[in-house]
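What follows draws every value from the coordinates through simple rules; no lab data is involved. Since the structure is predicted, the reported quantities are computational estimates derived from the model, not experimental observations. All Cβ positions, glycine included, derive from the backbone under ideal geometry; neighbour counts span all protein chains shown.
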Number of protein chains: 2
Amino acid sequence: MSGTSTPSSGSPLKNDLFLRAARGESTERPPVWMMRQAGRYLPQYRAVRAKADFLTMCRTPELAVEVTLQPVELLKVDAAIIFSDILVVPQAMGMELHMDEGIGPQFPDPLRRAADLTRLREVAVEEDLGYMLDAVRLCRRELDGRVPLIGFAGAPWTLASYMIEGKGTKNFHVAKRLIVEAPEMAHALLSKLATVVGNFLVAQVRAGAQAVQLFDSWAGALAPAEFRQFALPYLARSCAIARTAGVPVTVFAPGAGWALEQIVEASGCDVVGVDWQVEPADARRRLAAHRVALQGNLDPSLLFGTPDFVRHRTRKMLDAFGSRGYIANLGHGILPETPVASARAFIDTVREWSAPASQPTVSPVPYGRSSAMLA
Amino acid sequence: MSGTSTPSSGSPLKNDLFLRAARGESTERPPVWMMRQAGRYLPQYRAVRAKADFLTMCRTPELAVEVTLQPVELLKVDAAIIFSDILVVPQAMGMELHMDEGIGPQFPDPLRRAADLTRLREVAVEEDLGYMLDAVRLCRRELDGRVPLIGFAGAPWTLASYMIEGKGTKNFHVAKRLIVEAPEMAHALLSKLATVVGNFLVAQVRAGAQAVQLFDSWAGALAPAEFRQFALPYLARSCAIARTAGVPVTVFAPGAGWALEQIVEASGCDVVGVDWQVEPADARRRLAAHRVALQGNLDPSLLFGTPDFVRHRTRKMLDAFGSRGYIANLGHGILPETPVASARAFIDTVREWSAPASQPTVSPVPYGRSSAMLA
């Protein structure tokens, strides 16, 4: 076991599948976790959430750790990801953040003019985001080496576009308009974010995170030329800073599957996330010459199928990705309405999988389930 | 000039650039039009819209034709597209359609159970959608051969997903859930839609449309396997029916740029639309072996740049697509806030373009514009 999987500050890691796969090694089976695995689909999560609002959960290490551990204990995933939100970084930079039930996160005073940037303050990560680092520390202790802990942050373009829009949007037209009309402002904001995000990831590793993931959730909003100017260089800079901490860095840019090669080349990430729009075999082929592990990519909406259907589709995914340098995951966050039985079927299928050679032939399982709702 | 460009029922076509490019021919310059060119960015459109709501405009041929002609007269585009909405088809099938200001179209009684399909009635296109066909007939007369008239319809998956969701959504999770849980219902609905849509396009051609376009606007919501089962076959069926009418058929499936080859192969379309996420040179390369014209693909948000920037980016696009079998367009509908001067810069740049050999070297023009708002 390497230094990263047996940190001096914690118990020896009992399950290092995730870290070995992230380093590109072959594993006896792929590790598996699910984006948003600490989330609303779990009744145990909803019970915690009923007592505290979302931001309170983020800012209270005991609560954040409680929900972080739920999928580890209930579903036996191979990695924990600290419960938090990508928008804690803009909040730490001084932006007021509202998380109202049913509306989604909002910045009531979005950034629209160059002068607005003066409102952003320098971030002292250990202080301003100390609650998240405390959660990481506590979580490492509570995990006691069962599985590795993943830290994360939003990538600069994604944070910037949210800070400009002020709220969720279908097309990010305000942000896209701003980068065309006021590119210097956009670059100044992105540059500032790249450093904060990188430093934040390093601080998470120092606090105990054994891997980190950068989410460029709105990368798909940009056309290729703008992606290369306003997303990729800043994503790469955050990733480069994060990599100095010595743990595997994953980059996930959903909606920008066309850019997988460029993301890997520019960022030097250890693992690249593959969204559900990319065919696993295509991702493998396109990245065959690159030294990078892959993570993904079952469409989370497939978890509404029968458990047999979920198992069938999961096995197809596993067969296509193979067992070298591969981390099984969904191709996007798990949906709140997902049946727990389906999440379990997904995870168990990965846990029971072994390389195709020794695998019996899988017969196709049709779509459909017996559902009173749809009778 | 061919039979389609000089129909016996109308004046000879004075500008047949669009039809020649759609047939894959080389043209002295590419034809140009813009998706949603009859729209809110034009003050003249807003003046009509101030007097009548959206559906009244669709259902009143004089109003529909008035706004259809505006971009032809004001901006000198090379094709008109009849003003209407893809949701008129579900409405003709019996679904109540609300178009409330600021909310977007809604079906208050969406389709959620197999039994809901019995609410859909058979469509007699000439009667139930007669107002749209009347608009096509009137528009052909008013155009008097200046430019060809394009008819259009939504593709089956896009209509079905809207009928299931009931309203606009970011991710179409309700529809995606339904195809997994109740695939027979989905297939029954899609099959019904494929025929109605195909017949509707044929009727538009009989009424005078000289080309038609199928919009599979939500194709990007589906993962590849589901796209191939729930979108592509029905898109192909509608396209096959439409092609019996003998005019060029364009298929545009934004968000599914990964599927360009499959769309062309399955549908046999004459023209395939390319969205802004695909690089023009990649689209050309990927479709080099296919007999298909291309249409697209400037990101409409680039129209917020300076006119010089718009001209620069438009010329880059034109150089990459070339002048054979190519129709210049945006890679998505023009945005309501777009400055008319930018739309004009886009169109004029195409109208003034000639093949790269005779073109002076273009120096890069930076992003940015002098804008009080962003000072």
**Message:** Just to check I understand the Karplus step: with θ = phi - 60° and J = 6.51 cos²θ - 1.76 cosθ + 1.60, what whole-Hz values come out for region B:35-51, glycine and proline as x?
**Reply:** 4, 6, 5, 8, x, 4, 5, 8, x, 5, 5, 4, 5, 5, 5, 5, 9
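Over all directions, average the projected area of the Cα convex hull of region A:17-354 and note it in nm².
Values: hull surface 60.0 nm².
Taking the Cα atoms of region A:17-354, their convex hull projects to 15.0 nm² on average.
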**Asked** Given the Cα-Cα distance of B:Arg121 and B:Asp53 and 0.36 nm per residue of separation, how much length would full extension add, in nm?
**Response** 21.9 nm
**Message:** Once the label point is set 7 Å along the Cα-to-beta-carbon vector, what list of distances in nm do you get between A:Ala320 and its counterparts in the other copies?
**Reply:** 2.6
**Asked** GNM, chain A, Cα, under 10 Å: largest mean-square fluctuation among A:Pro156, A:Pro307, A:Pro31?
**Response** A:Pro307
**Item:** Amide H partners (placed H, <5 Å) of A:Leu294, local residues excluded
**Value:** A:Val272, A:Tyr326, A:Ile327
**chain B - percent relative contact order, Cα under 8 Å, separation 6 or more** = 21 percent
**Request:** Jot down the radius of gyration and Dmax of region A:38-148, Cα atoms only, both in angstrom.
**Result:** 15.8, 49
**Item:** Closest Cβ on chain A to the rotation axis that carries it onto B (distance rounded to whole Å)
**Value:** A:Lys170, 3
**Request:** Report the net charge of residues surrounding A:Ser238, where surrounding means a beta-carbon distance below 13 angstrom and charges are Lys +1, Arg +1, Asp -1, Glu -1.
**Result:** +2
**Message:** Label position 7 Å from Cα toward Cβ: report the copy-to-copy distances for A:Gly94 in nm, one decimal, ordered from shortest.
**Reply:** 6.1
**Request:** Once you have the Kirkwood Rh of region B:245-351 from its Cα pairs, apply Stokes-Einstein at 37 °C and 0.692 mPa s and quote D in µm²/s.
**Result:** 233 µm²/s
**Prompt:** Amide H of A:Asp109: which non-local residues (sequence gap of 5 or more, or other chain) have their own amide H closer than 5 Å, using H built in the peptide plane?
**Reply:** A:Glu96
**Request:** Taking each label point as 7 Å beyond Cα in the direction of the beta carbon, state the distances from B:Arg344 to the same residue in the other copies, shortest first, in nm.
**Result:** 6.6
**Complete:** Candidates A:Ala182, A:Ala207, A:Ala266; GNM for chain A (alpha-carbon contacts under 10 Å) flags as most fluctuating A:Ala182
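Over the whole of A:111-124, what's the average partner chain Cβ count within 10 Å per residue? Rounded to a whole number, please.
Values: counts 0, 2, 5, 2, 2, 0, 0, 0, 0, 0, 0, 0, 0, 0.
The shielding value for this peptide is 1.
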**Prompt:** In sequence order, what are the phi-derived ³J(HN,Hα) couplings for region A:145-157 according to the Karplus relation 6.51 cos²θ - 1.76 cosθ + 1.60 with θ = phi - 60°, rounded to whole Hz, with x for glycine and proline?
**Reply:** x, 4, 9, x, 10, 9, x, 7, 7, x, 6, x, 4
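Could you work out the equivalent-ellipsoid semi-axes for region B:227-274, taking the square root of 5 times each eigenvalue of the Cα gyration tensor, largest first, in whole Å?
Values: eigenvalues 58, 30, 11 Å².
Over the Cα atoms of region B:227-274, the ellipsoid semi-axes are 17, 12, 7 Å.
Ratio of alpha-carbon Rg to the 2.2 N^0.38 Å globular estimate for the protein assembly as shown, to two decimals, please. Kindly include the intermediate steps, with their values, before the conclusion.
Details: Rg = 26.5 Å, N = 750, 2.2 N^0.38 = 27.2 Å.
Rg over 2.2 N^0.38 Å, computed on Cα atoms: 0.97.
Could you give the dipole magnitude of region B:55-170 about its Cα centre, charging the beta-carbon of Lys and Arg +1 and that of Asp and Glu -1, in debye to the nearest 20? Mind showing how you got there, number by number?
Working: 12 positive and 18 negative charges, 70 e Å.
Around 340 debye, computed over region B:55-170.
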**Request:** Step through the residues of region A:266-273 one at a time and calculate ³J(HN,Hα) from phi using the Karplus curve (6.51 cos²θ - 1.76 cosθ + 1.60, θ = phi - 60°), rounding each to whole Hz and writing x for Gly and Pro.
**Result:** 6, 8, x, 5, 7, 10, 10, x
**Asked** So what's the Cα pair-distance distribution over region B:119-242, bin width 10 Å, in %?
**Response** 13, 41, 29, 14, 3, 0
**Request:** Name the residue farthest towards the positive end of the dipole of region B:17-353 from the options B:Thr60, B:Met185, B:Tyr45, assuming +1 on Cβ of Lys and Arg, -1 on Cβ of Asp and Glu, about the Cα centre.
**Result:** B:Tyr45
**Prompt:** For chain A, modelled as a Gaussian network with Cα springs under 10 Å, which listed residue fluctuates most, A:Pro148, A:Pro61, A:Pro108?
**Reply:** A:Pro108
**Prompt:** How many nm separate the modelled label positions at B:Lys14 and B:Asp282, each set 7 Å beyond the Cα in the direction of the Cβ?
**Reply:** 4.1 nm
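Averaged over peptide B:300-310, how many Cβ atoms belonging to another chain are found within 10 Å of each residue's Cβ? Intermediate values should be presented prior to the final figure.
Numbers: counts 4, 15, 7, 2, 8, 5, 2, 0, 0, 3, 1.
The per-residue average across the peptide is 4.
Can you put A:Asp109, B:Asp270, A:Asp128 in order, fewest other beta carbons within 10 Å first?
On the way: A:Asp109 13, B:Asp270 24, A:Asp128 19.
So the ranking, lowest neighbour count to highest, is A:Asp109, A:Asp128, B:Asp270.
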**Complete:** Helix B:307-321 sits off the longest principal axis of the Cα atoms of chain B, rounded to the nearest 10 on a 0 to 90 degree scale, by 70 degrees
**Asked** Where Lys and Arg each count +1 and Asp and Glu each count -1, what net charge lies around B:Val147 among other residues with Cβ under 13 Å from its Cβ?
**Response** +1
